[in-house]
Amino acid sequence: MSPVMPTVSITSNEGALASASAVLEVRATNPEFNQPALHVKQASKRGGAASIRIDDPNPDIEFVETELDQSDPAAGKYEIAVQSDKLQINGRKSNNTGFETLVVFQRPAAGGNIGIGFPEARQFGKFGGGKGVIVIANATIAPSPSPSERVAGAGILYVEDGALKYLGSNGPPTVIAPA
């Protein structure tokens, strides 16, 4: 098998920089057109190959929505990251000093667990020693039992004081499992 040869290769060794810098920047500068700035197309009929691959000690992709109210500097900022063998979906902290974890996933060989709602990924710890478990943090604010606040045709699953609860489109909250 011949060695892998890139069609285009960009190498950068700029050393320490005063601020974060990109090696490659792709810009779509015409605001009149809604088109991708970067479009990756694979011609393979087999599939399975990564369209984008990031090899990094702490790989992440940051998403910044630019058309939001700028009075909240953290609004519209999210990232997908891998840290300590966990895939995380993170949202920017309200003080804009970093990210907090919204959801974390472990691959099956590492435990196969899912965690929801802990701002710090390390709080998921060892998932209580379980494998294939889902950890849900207490709701910071429980959903309103007011009928005007309900989601029509749906229900809300949440944890309050360690108890698993369900609030359907009608009726009071149901305790599925006490704390």
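Below are the figures for this structure:
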read-out	value
Boolean, A81 is open to solvent by 60 Å² or more (accessible area, probe 1.4 Å), modelled with pLDDT of 90 or more and farther than 24 Å from D161 by Cβ	no
Y166 being assigned to a strand (DSSP E or B) and in contact with a Gly (Cβ under 8 Å, 6 or more places away or on another chain)	yes
Leading residue by the ranking (farthest from G117 (Cα to Cα)) among those in region 130-179 that are surrounded by 13 or more Cβ atoms within 10 Å (Cβ to Cβ) and touching an Asp or Glu at 6+ places or on another chain (Cβ under 9 Å)	P173
Those residues of region 95-154 which are of a type in the set (K, R) and either modelled with pLDDT under 90 or outside any loop (DSSP other than H, G, I, E, B) (or both), in sequence order	R122, K126, R150
First in region 47-64 and assigned to a loop (DSSP other than H, G, I, E, B) and of a type in the set (S, T, N, Q), second anywhere and open to solvent by less than 90 Å² (accessible area, probe 1.4 Å) and modelled with pLDDT under 85, Cβ under 6 Å, 6 or more apart	S51/V40
Lone unmet requirement of (1) surrounded by 10 or more Cβ atoms within 10 Å (Cβ to Cβ); (2) under 20 Å from I80 (Cα atoms); (3) hydrophobic (A, V, I, L, M, F, W, C) for A28	(2)
Residue check for S148: hydroxyl-bearing (S, T, Y) and under 30 Å from G171 (Cβ atoms)	yes
Sole exception among (1) open to solvent by less than 90 Å² (accessible area, probe 1.4 Å); (2) out of contact with any Pro (no Cβ under 9 Å at 6 or more places or on another chain); (3) on the phi < 0 side of the Ramachandran plot for G111, by number	(3)
Any chance I80 is in a strand (DSSP E or B) and out of contact with any helix residue (DSSP H, G or I) (no Cβ under 8 Å at 6 or more places or on another chain)	yes
I52 vs. criteria surrounded by 11 or more Cβ atoms within 10 Å (Cβ to Cβ) and either modelled with pLDDT of 80 or more or over 29 Å from F118 (Cβ atoms) (or both)	no
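The values are calculated or read from the model by the stated rules, or taken from the named source; none is laboratory data. It should be emphasised that the depicted structure is a prediction, and the values quoted were computed from it without experimental measurement. Here Cβ is always computed from backbone atoms with ideal geometry, including for glycine, and neighbour counts include all displayed protein chains. These area figures cover heavy atoms from the full protein model, side chains too; ligands, DNA and RNA do not enter into them. Shrake-Rupley method; radii C 1.70, N 1.55, O 1.52, S 1.80 Å.
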